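The next block holds one structure in the form of structure tokens; read it before the comments.
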Amino acid sequence: MLRADYGDGGRIALVAPDGSVRVLTQGFHSACEPDVSFDGKRFLFAGRRTATERWNIFEMLIDGSGVRQITKGPGDCRSPGYQSTQYVITASEPWYQITFVGTVPGSLNEIGTAPATALYACKLDGTEVKRLTYNLSSDYDPAIMWDGRLLYASWQRARLSHGLLGQIRIFGVNTDGGDYAAYVQPSARRIQHMPCTTPTGQAVFVECDRAPWDGAGTLACVETRRPLRTYRALTIEADGLFHSPSPLPDGRILVSRRGADGAGTHGVYRLDLRSGRLEPVFDDPGAHDVQAKAVVARDEPDGRSSVVSEGDPHGKLYCLNIYQSDLKDKTWMPAGSVKRLRVLEGLPRRDGGTAAQATSAQAAGIEHGTPQLALRRILGEAPIEPDGSFNLEVPSNTPIELQILDEHGMALRSCGWIWARSHQSQGCIGCHEDPELSPDNYVTQSLAKDSYPISPPVEQRRAVDFRRDLMPLIAKKCAGCHDKGGAAPYLDAGKELAIGPISITSARRTYEALLAPDEGGWQRSGRGKYVDPGQARTSPLVWHLFGRNTSRPWDGPACQRQAKPIEPGKLEPLSDEERRRFVEWIDLGAPWDSIPK
């Protein structure tokens, strides 16, 4: 899904109108990702002076003088960009900031393949570094808009619609990390990244199905007035592979391009978005010429104010009406069908992996690159008001997933990773609602009350995992029918294990049996033969325990499959609490061991 971490050995050059070239970053081992200041006199870039240094952000005058280092973080700092002014009511005056992409110290992305990245901001002197986004997968490619907000690429684990690896979409966010929302609707391509906005009101980006090493692909755009309804493809595969668009003052863009077959190197072109005319600007056949920016003064975007107060450990999440949704048939989830709201905390994968994560991958038989969901803990459950609203106080700056529940505690729908910044309120209209429609003008029942507190101490945040919570229950109440020669699947936990210690080897074999791939292929769908990790309602194991298919009308083909109930009188029945334990385990991603190391 993610392009390679390129830039090693790169250099930044100034190309004059007569075509002459001067390298500006002499003395740096690597330099890339320039961003020109609003007055056209300076530029930011990511660089490192030696091959062993971490990437940091530097600023330099356009003539190559006056270089100074801005960041000195513990991780890599890349993709810098100038922000407009920032202001809070307790400050005496506004100040300027920069945005950059930083690796999250000690954390890997959600599938454990590379360091996790997030958007950060700091002052021009490198002080007051603040993290802006808290997506567990990765966020990158920030670009400033005319109104001072940021566009960026966000890796969203939309598992059911785009497979286990999800999709990368363009999001918008305030420069304090609040009020984030999807900016571009999903297209036929799974990856949308490298956004920029033009003075004539377009947001242009690169899209592809599978990222090549440099992330190049075709170009598309939306209108900034109605971005969710104005998608338009600008190029096709035969036009070549495009990279790093950036705006020109007349509405055209600078963009890098290489051949449609992927061969050759990138050259820089000018593209007219209306006519599609492509004009060559510069091409050094011995190098990839990418990330071109016009050295020209431009209007400074609007400044932004913020209510974020870094000392507040809490934020607020609210929803006006969860029944306002994107479901095709509104009768599928009638008012009153949602009973509670489950609030989950996401735990990042630690650098180098943990014994729990490694064992989980091995036990599930997914060593060959198919990921599991991130580890989750339950922060708590909250009531849903009769009008479908809720209003919560949650831990700030924490990855959170919301799940709306039916009467059995089964998740009906879930959101992606969201968060609330310190002292800030983050809200939505409904459950995957149309964000371009205005809601009815009324005060919801939840907002007329104090926020419902869901912010327990860390030691009280509850995890549900297989090794600790499910295996003893399986050994006691399930293994008698699913022993050798019994009903499939074979659960390697004989009756004798119900009264003594259960070996880790037996538990792992049982876990692997329950998470066996479906005949359709785990790699393609993410669904198991018995367990659909992250979605209890479509898991045949849950159908078996409840005696019916618990899928919902929006679950597609799963609704047509037959459930196999437990034969009456065969074994001691599970209690409601024990069945709920299975449901919670699957809705949390069916982890082997969710105790963080």
_Cα atoms only: what Rg and Dmax, in Å, come out for the stretch 108-198?_
13.6, 44
*For the chain, what relative contact order do you get, as a whole percent, if you take Cα pairs closer than 8 Å and at least 6 residues apart?*
10 percent
*Relative intensity, log₁₀ I(q)/I(0), of the stretch 218-271 from a Debye sum that treats every alpha carbon as a point, q = 0.15, 0.22 Å⁻¹*: -0.47, -0.87
*Convert each backbone phi in the stretch 430-436 into a coupling constant with the Karplus relation 6.51 cos²θ - 1.76 cosθ + 1.60 (shift: θ = phi - 60°), then list the ³J(HN,Hα) values in order as whole Hz, x for Gly and Pro.*
x, 8, 6, 7, 6, x, 9
*Convert 37 °C to kelvin, take the viscosity as 0.692 mPa s, use the Kirkwood radius over C-alpha pairs of the stretch 157-237 as Rh, and evaluate the Stokes-Einstein diffusion coefficient in µm²/s, rounded to a whole number.*
247 µm²/s
*Counting pairs of alpha carbon atoms under 8 Å apart in space and at least six apart in sequence, what relative contact order in percent does the stretch 118-274 give?*
13 percent
*Restricting to the chain, what percent of DSSP beta bridges are antiparallel, rounded to 5?*
90 percent
*So if R0 is 41 Å, what FRET efficiency would ARG11 and SER275 give, r being the distance between their Cβ atoms, rounded to the nearest 0.05?*
0.80
*Only helical DSSP H runs with n ≥ 4 go in: add -39500 (n - 2.57) per run for the chain, normalise by residue count and round the 222 nm mean residue ellipticity to 500 deg cm²/dmol.*
-2500 deg cm²/dmol
*For GLY10, distant residues with modelled amide H under 5 Å away*: ALA31
*Compute the whole-percent fraction of alpha carbon pairs in the stretch 71-114 spaced more than 14 Å apart.*
63 percent
*Using a 10 Å cut-off on Cβ atoms, rank the peptides 167-178, 399-410 from the highest mean neighbour count down.*
167-178, 399-410
*Stretched out fully, how many nm does the piece from ALA263 to PHE282 gain, at 0.36 nm a residue minus the Cα gap?*
5.1 nm
*Put a dot 7 Å past each Cα toward the Cβ at ALA233 and ARG350; how far apart are the dots in nm?*
4.6 nm
*Space enclosed by the convex hull of the alpha-carbon atoms of the chain, per residue, Å³*: 168 Å³
*To the nearest 20 debye, what is the magnitude of the charge dipole of the chain about its Cα centre, counting +1 on the Cβ of each Lys and Arg and -1 on the Cβ of each Asp and Glu?*
1100 debye
*Could you compute the FRET efficiency for ASP387 and SER575, with r as their C-beta to C-beta distance and R0 at 41 Å, rounded to 0.05?*
0.80
*Regarding the stretch 149-303, what is the average projected area of its C-alpha convex hull, in nm²?*
9.9 nm²
*Length-normalised contact order of the stretch 71-175 in % [C-alpha pairs under 8 Å, at least 6 apart]*: 19 percent
_Debye log10 I(q)/I(0) at q = 0.13, 0.19, 0.20 Å⁻¹ for the stretch 18-71, Cα point scatterers_ = -0.31, -0.63, -0.69
*Can you pull the percent of Cα pairs in the stretch 389-468 with separation above 21 Å?*
42 percent
*Provide, in order from the shortest bin, the percent of all Cα-Cα pairs of the stretch 550-597 in each 10 Å bin, continuing until the bin that contains the maximum pair distance.*
19, 34, 36, 10, 0
*From the backbone phi of the stretch 570-577, what are the Karplus-calculated ³J(HN,Hα) couplings (6.51 cos²θ - 1.76 cosθ + 1.60, θ = phi - 60°) in whole Hz, Gly and Pro given as x?*
5, 9, 4, x, 6, 6, 4, 5
*With point charges of +1 on the Cβ of Lys and Arg and -1 on the Cβ of Asp and Glu, referenced to the Cα centre of the stretch 206-247, which listed residue (CYS208, SER244, LEU228) lies farthest in the positive direction of the dipole?*
LEU228
*Sequence-distant residues sharing a close amide H with THR218 (under 5 Å, placed H)*: GLU207, PHE242
*Return the FRET efficiency for the residue pair THR90, SER438: r is the Cβ-Cβ distance, R0 is 41 Å, and the value is rounded to the nearest 0.05.*
0.80
*Rounded to the nearest whole Å³, what is the per residue volume of the convex hull around the Cα atoms of the stretch 368-431?*
125 Å³
*If one puts a single equal scatterer on every Cα of the stretch 217-322 and applies the Debye formula without solvent, what log₁₀ I(q)/I(0) results at q = 0.12, 0.14, 0.17, 0.20 Å⁻¹?*
-0.60, -0.71, -0.87, -1.06
_Taking amide H atoms as placed 1.01 Å from N in the peptide plane, list the residues 5 or more away in sequence, or in a different chain, whose amide H sits under 5 Å from that of SER138._
TRP155
*Average accessible surface area per residue within the stretch 225-300, 1.4 Å rolling probe, Å²*: 56 Å²
*What's the Kirkwood radius of the stretch 20-125 in Å, using all Cα pairs?*
15.0 Å
*Give the peptides 456-466, 200-210, 475-485 in descending order of average Cβ contacts within 10 Å, highest first.*
200-210, 475-485, 456-466
_Peptides 322-330, 184-192 ordered by average Cβ neighbours within 10 Å, highest first_ = 184-192, 322-330
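The values are calculated or read from the model by the stated rules, or taken from the named source; none is laboratory data. The structure displayed is predicted, hence computed values, not measured ones. Positions of Cβ are backbone-derived with ideal geometry, glycine not excepted, and every protein chain shown enters the neighbour counts. The area values use the complete protein model at the heavy-atom level, side chains included, leaving out ligands, DNA and RNA. Shrake-Rupley method; radii C 1.70, N 1.55, O 1.52, S 1.80 Å.
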